[in-house]
Every structure is written in structure tokens, then in C-alpha cells.
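Student: Pasting a structure here, questions to come.
The values are calculated or read from the model by the stated rules, or taken from the named source; none is laboratory data. What you see is a predicted model, and the numbers here were worked out from it, not measured in a lab. Reconstructed Cβ throughout: ideal geometry from the backbone, glycine too, with neighbour counts over all protein chains shown. Accessible surface areas use protein heavy atoms only, side chains included; no ligands, DNA or RNA. Shrake-Rupley method; radii C 1.70, N 1.55, O 1.52, S 1.80 Å.
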Amino acid sequence: MTTIAIVGASLAGAKAAEGLRDNGFTGRIVLIGEETERPYERPPLSKGYLLGAEPRDKAFVHDAEWYVSHDIELLLGVRATDLDAATHTLMLDGYEPLRYDKLLLATGSRVRRLDVPGTELSGVRYLRTLQESDALLDHLRSADNVVVIGAGWIGLETAAAARTHGATVTVVELDTAPLRQVLGDEVAAIFAGLHRAQGVAFRFGTGVREFRGLGGQIRSVVLTDGTELPADVAVVGIGIQPATELAVTAGLAVDNGIAVDAGLRTSDPDIYSCGDVASVDHPLVGQRIRVEHWSNALNGGKAAALALLGQPVSYDRVPYFFTDQYDLGMEYAGYVPRDGHDSVVFRGDPDGGEFIAFWLKDGRVLAGMNVNVWDVQDGIQALVRAGYAGKAVDAARLADPAVPLADLA
Ligand SMILES: Cc1cc2nc3c(=O)[nH]c(=O)nc-3n(C[C@H](O)[C@H](O)[C@H](O)COP(=O)(O)OP(=O)(O)OC[C@H]3O[C@@H](n4cnc5c(N)ncnc54)[C@H](O)[C@@H]3O)c2cc1C
């Protein structure tokens, strides 16, 4: 019987397993995950669940019975420790070596750790797993002072959750604005304004020197400029790294993630990769990109299933991301290389809280973000596709809400 092994029992891995069965694969599927929870989605961990507004169960990709009824061998709490591509063998912690015919690496990302004194104190938290979200939620329910380190998506969503729980919140960020590297100065300022209006204080241009505590519990965060901020909880959200260890030990090509072609195939013909860990030679963008977002795990998993079954795949989806913070909901589609845009065009009034922002280069739309404006993703993604195909748009018409987006692509 043909065996397909999937390492990484999270969204990408679970969607790949589902895709294999949906597309008629009747062989053996082994889904291996080092976490003890069955596959779940991470977005609620910093939003609805962390706010205490959504039940824990809502995060799971499938109910437990689904794995049984679809004959998927789900190995939880099991780490794949080594990979021998030549003999098609995976080494599993505490299990017999597993021989596979095809392998999918959906190992995702791990958080970057802060290397300063005091990180072992209770109350210094990271946020990647459901169990970390459980622990953070517990802290936030009683915390008076929360310090968030890093003003990226996770940091800002956590700040919003902490404010909603009633804590005093300070966000510490090395850069001069939140999300500046991703969104540029104009839109970064909007996110700073949103959080300030909710009472969040920012400390820009500074890092963390140490965490101080008493009796093993954090009491304060000392910044590199010497300021000491009181803290019952400090949440570190300073980015993630692709979990490439297995690919490296197996000698697969790695380039800011596991390097795959547009068909999600690695440098080994029987090994594929998708989700956060995969660095895809992206047909639309024309370069290798790694996308650390939910929709890429969802769609990449489905596409990987087809690729594993030998069907032609060209993974050219427009990168897509969403966030919810307070009463702001937004979707972002496209890809802007670092410092890769030369203008931002707004459709609608950013100060009014309902608008679309477009990032352009030489008049071509590279990305668009709708804030509290809905049902415009098809139009935005069509503009991004046209932009990457070389088509420029008229900036005045792009800014004019009376001109349908569909007329511009
Ligand atoms: C708190 C939070 C909020 C988020 N919110 C959003 C959002 O609002 N919008 C959005 O678009 N994206 C969001 N994301 C990002 C999104 O969740 C990720 O892009 C997505 O989880 C990636 O899925 P994945 O399956 O590729 O990898 P992961 O979810 O990282 O899963 C990989 C799994 O593989 C396991 N693994 C790794 N190595 C091994 C090994 N050797 N053996 C066994 N198992 C292994 C890991 O333990 C992990 O369970 C958020 C992420 C977090 C953490």
C-alpha cells in the first residue's frame, strides 16, 4: 500500500490529509505532529479565544472522530527527528522508523526567542500554540500591567486583547512605528493611531534589556533606554522562523524556508512542502516567497494534496492575510517586496476608519488592504494580478470610490 507521510499536524498538514481523501487516495496517511493537540487554526489564539469570546473547540480544524472516519493515522506528541530521503525513511521520537512513498513537510514556524536575562520568569509569554494562548488568557484575566514586545501582527492583536481585558498596555518596538516594514509609514501610522485611541502606549526605538521579577514572577520590563515598566505579563512577539530542521538534515534545498517549485515540490522528487515553512517559487510574483499566513496554509495544504497525487499544480494564489483589532477588521492581498513600493493610494477616508489602501510601483498595484470595507477582495486580487502582469492603473480613478474596481483591472 502506498504511504503518504505528513510532518506537521496543523492547518496545512490537516488540509493536505483532507485533500488526499477528497481526491480519492485510498492508501495509508500518517499525520505526525509534535504538539499534543489535534490540528487547530491559530488566528483565534490572539483574537476571539484570547478575548474570552470564543470557545476553545472552535479552533480545531476537524473533530477528533473525523481522523478515524477518514482513516488518518494521527500521531500527536510525536516529533520527527530525522529524515533520510535516499531510503524514504522518517525517524520518529518513540516510534519505529516510518517508510514513506511520498512525504509532505508542513512543519510551519517557530517563534523567535528573546535572549535577555529574566525570560524564565513566570509571566513572560510567547504566543504560537493553543496551550500558550490558554496560559496567556489566564494571565490577561487578572493582569493590571501588560507589556508587549514587538509591534507586529501578533503583538498588536495581543495588545488589543489585553486592553479589552482592561489592562494598562505598553507596546515596545525597535522600529519607529508598528508594522512599518510590512505596511510602510502611511498605513503604519493608522495602526498606531488605532491603538493610541484605545489607550495603548508605545515605546518606539527601544528594545528590552531584561525582565525583573520577585519570587519567580515577572514584576517589570527594563528597556534598553533604562526605562523600567511595571508588568504582570510580558508578551514577546518578535517574529517567527521557518522550522526547516528536517529539510536541512535531509540535505534538501533551503532558501528562507524549504525551497519548492510552483508545484510545491522540494529538491527531492518525492518530498513536498507547503504552509509557513515553504519558500515557493511563486509564478505570479516572479520570485521565491514564503507566506506566513492562514490562507496560505489552508490553500497550500489542498494544493499539496494534488501534487502528492501526481496532479499538475501551479501554486499562484495571491498572498492573503486578515486581522481583527478592536472594531477594525481588515484583509490584505498582494505582495510588496521590502521598500518595493513608490506610492500608496487611498480609496475612502483613512481617518473615517473605512477605506482601501493600495501599494503601487510604477503605477502597478502590488497589494491592497480593505479596512472595514467588505466584499472587495475579488477586485483587489484582480488588480494585484494585473499589476504583477505589468498593467498600470490611473491613480485618480483608483482613489475614486465611484469607479468599480473591476473596471480598473
Ligand atoms: C497567534 C497567531 C495568530 C495568527 N493570526 C493570523 C491571522 O489573523 N491571519 C492570518 O492570515 N494568519 C494568522 N496567523 C498565521 C497562521 O496561523 C499560520 O500562517 C499558520 O498556522 C501556518 O500553518 P502551518 O500548518 O503551515 O504551520 P504551523 O501552524 O506552524 O504548524 C506546524 C506544525 O508542525 C509541527 N512540527 C514542526 N516540526 C515538527 C517535527 N519535526 N515533528 C513533528 N511536528 C513538527 C509544529 O509543532 C506545528 O504544530 C496567526 C498565527 C498565530 C501564532
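Student: Pairs please, first residue from the range 134-161 and assigned to a loop (DSSP other than H, G, I, E, B), second anywhere and within 12 Å of the ligand (Cβ to nearest atom), Cβ atoms under 8 Å, 6+ apart in sequence or on different chains.
Tutor: Close Cβ pairs (under 8 Å, with a partner that is within 12 Å of the ligand (Cβ to nearest atom)) amount to Gly150/Gly237; Gly150/Gly239; Gly152/Gly237; Gly152/Gly239.
Student: Additional query: Which of the residues that make up the range 94-114 are in contact (Cβ under 8 Å) with a residue 24 or more places away in the chain, over 24 Å from the mean Cα position of the chain (by Cα) and open to solvent by 50 Å² or more (accessible area, probe 1.4 Å)?
Tutor: Scanning the range 94-114 gives Arg99, Asp101, Lys102.
Student: Tally time: how many residues in the range 201-245 are open to solvent by 10 Å² or more (accessible area, probe 1.4 Å), among the hydrophobic types (A, V, I, L, M, F, W, C), more than 30 Å from Val277 (Cβ to Cβ) and touching a residue at least 12 places away in the same chain (Cβ under 8 Å)?
Tutor: Result for the range 201-245: 4.
Student: Also: Name the residue, out of Ala297, Ala250, Ala262, that is open to solvent by less than 60 Å² (accessible area, probe 1.4 Å), under 19 Å from Asp101 (Cα atoms) and either modelled with pLDDT under 95 or in contact with an Asp or Glu (Cβ under 8 Å, 6 or more places away or on another chain) (or both).
Tutor: Matching residue, one of Ala297, Ala250, Ala262: Ala250.
Student: To continue, here is another question. Considering every residue within the range 301-315, establish whether at least one is in a strand (DSSP E or B) and over 14 Å from the mean Cα position of the chain (by Cα).
Tutor: no
Student: Which condition from (1) within 18 Å of Gln241 (Cα to Cα); (2) part of a loop (DSSP other than H, G, I, E, B) is the one that Arg110 breaks?
Tutor: (2)
Student: Of all residues in the range 226-263 being outside any strand (DSSP E or B) and among the polar types (S, T, N, Q), which is farthest from the chain's Cα centre (by Cα)?
Tutor: Looking at the filtered set, the residue picked out is Thr227.
Student: Of all residues being near the ligand (Cβ under 10 Å from one of its atoms) and surrounded by fewer than 21 Cβ atoms within 10 Å (Cβ to Cβ) in the range 7-35, which is nearest to Arg56 (Cα to Cα)? Just the residue, please.
Tutor: So the residue we want is Glu35.
Student: Ok, one more. Name the single residue that is farthest from Val277 (Cα to Cα) among those in the range 87-107 being away from the ligand (no atom under 16 Å from the Cβ) and assigned to a strand (DSSP E or B).
Tutor: Going through the qualifying residues, I end up with Arg99.
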